[in-house]
1. Please give, to one decimal in nm, the separation of the simple spin-label points placed at D118 and E331, each 7 Å out from Cα toward the Cβ.
2. If you wrap segment 34-278's Cα atoms in a convex hull and average its projection over all directions, what's the area in nm²?
3. With a cut-off of at most 13 other beta carbons within 10 Å, and DSSP calling the residue loop, which trypsin sites (Lys or Arg not before Pro) in segment 315-376 qualify? Please list them.
4. Just to confirm my numbers, what's the Cα centroid distance between segment 28-69 and segment 340-384 in Å?
5. Determine the calculated [θ] at 222 nm for the chain from helices alone, applying -39500 (n - 2.57) to every DSSP H run no shorter than 4 residues and normalising by the residue count; nearest 500 deg cm²/dmol.
6. Based on the alpha-carbon gyration tensor of segment 307-415 and its eigenvalue square roots a ≥ b ≥ c, which shape applies: rounded if a/c is under 1.5, prolate if not and a/b is larger than b/c, or oblate?
7. What is the spin-label model distance, in nm, from T72 to A223 if the labels are put 7 Å beyond Cα along the C-beta direction?
8. Against the longest alpha carbon principal axis of the chain, how many degrees, from 0 to 90 and to the nearest 10, is the axis of helix 250-261 turned?
Amino acid sequence: MTTGSAVRRLSAWDAERLRGLAEEYETPLYVYDLERVRDNAARLQSAFDEEEISYAIKANTTRPVLSTIEATGVGAECASAGEVERALAAGFDGADVRYTAVNPPARDLDYVVDTAADEDLIVTVGAADTLDQLAERGFSGRLCIRANPGVGAGHHEKVSTGAAPKFGVPLDRVPDLAAEAVDRGFDLVGLHAHAGSGISGGDLEAHRELVARMGELSRTVIADVGNIEFVNVGGGLGVPYREDQAPLDLDAVAAATRDAFGDVDARLGIEPGRYFVADAGVLLTRVNTVKPTPETTVVGVDAGMTTLVRPAMYDSYHAIRSLAADARTREPVSATVAGPICETADVLGEDRSLPDPERDDLLVVGNAGAYGYEMSSNYNSRPRPAAVALEGDEARLAVRREAVADITGLETWSE
Ligand SMILES: *Cc1c(COP(=O)(O)O)cnc(C)c1O
């Protein structure tokens, strides 16, 4: 099987094809290449060939992306009842679907307990309180306990979950809760932890530490309550957002994971989200205003923080490239690429060298396949963008562009 290169850079996307898509579907537009999603899945499966892999679907829930990933045979990790519904609708087998409850709204638990009865879902709890709520609903399905491993990792403090008290049961309380769950008749099948997002070469130590702690915990729990089926050590595999950043060495991460896990008698699992989809997606946006200022040239575009919030929310870097047909003949200028939203944070990139920008130029933003469309919003009454999926030479609309009427259509007030 061909697994493609470890990274797909923004420069590898075909400019002419992207210009054609922007003409046909208008901007802002998300573009997902399903072949690249498949490549990413194949590389994960080859590096983690002994482990159980799930896709954390919150990174990108667009139907063709879900169906493509489902077809590779991995499971689905879901963060809400809505995601469970979408995973099942896309064809994931219920037995391969996990719902990880984080302060779960009652409505989520109602749905999941109901669905679990038919679909054999696994429910992961991160608080004793959630266990009580499952018992109240007569949940009889498979249960997993999420530990707070006390180590976090991530590219930004806002994505580090491993040590944040919000997530999971403190490590030292897990054995008691596991014993209690078994006493109460729950079918305890797994343990889980997730350190956060963005494991890179330098972060491997944090990952190793998390897995080691989970290995230790598993031994204790297995000694106390008997066998469990699996231990899942979360997602967080990073991708190179900067053009000069090296890709993650998946084999090294897999080896470190196995080393730290040792001889625990349970299947080891991982659940990346970003890694499957980040470099399989780009965002196309059109320049609408060029404004030279003493500090920089402000390049106004039609995509902003409501389209792609990562730069505003996490100070994330996304590569930006001009797709102007004559880009090569233009002088580079230092530019700030800013969106149409009335917020100072509404900037896609600062201090970028771009070929002297002109109104109507098309720009492409890289690594937009993960947490892009998913985190889009309607702030400023901005309709959300459209998304197309590429399959070989074919392009198909996956999500239509929202209209203002879609937003106002929810209002019930009439004068
Ligand atoms: C978000 C999330 C993931 C995936 O994180 P990535 O950084 O996208 O790999 C995995 N597990 C849980 C519990 C998550 O919340």
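1. For D118 paired with E331, the spin-label model returns 6.6 nm.
2. Details: hull surface 47.6 nm².
Taking the Cα atoms of segment 34-278, their convex hull projects to 11.9 nm² on average.
3. Values: sites: R321, R328, R330, R352, R359; in loops: R330, R359.
Here the sparse-neighbourhood loop sites are R359.
4. Comparing the Cα centres of segment 28-69 and segment 340-384, I get a distance of 24 Å.
5. Values: 12 runs with 124 residues, N = 415.
So the calculated ellipticity at 222 nm is -9000 deg cm²/dmol.
6. Numbers: a/c = 2.04, a/b = 1.49, b/c = 1.37.
Prolate.
7. If labels sit at T72 and A223, their model points lie 3.8 nm apart.
8. For 250-261 against the chain, the angle is about 20 degrees.
Only the coordinates and a few stated rules stand behind these numbers; no lab work does. Bear in mind that the values here come from a model prediction, so they are computed numbers and not experimental data. Here Cβ is always computed from backbone atoms with ideal geometry, including for glycine, and neighbour counts include all displayed protein chains.
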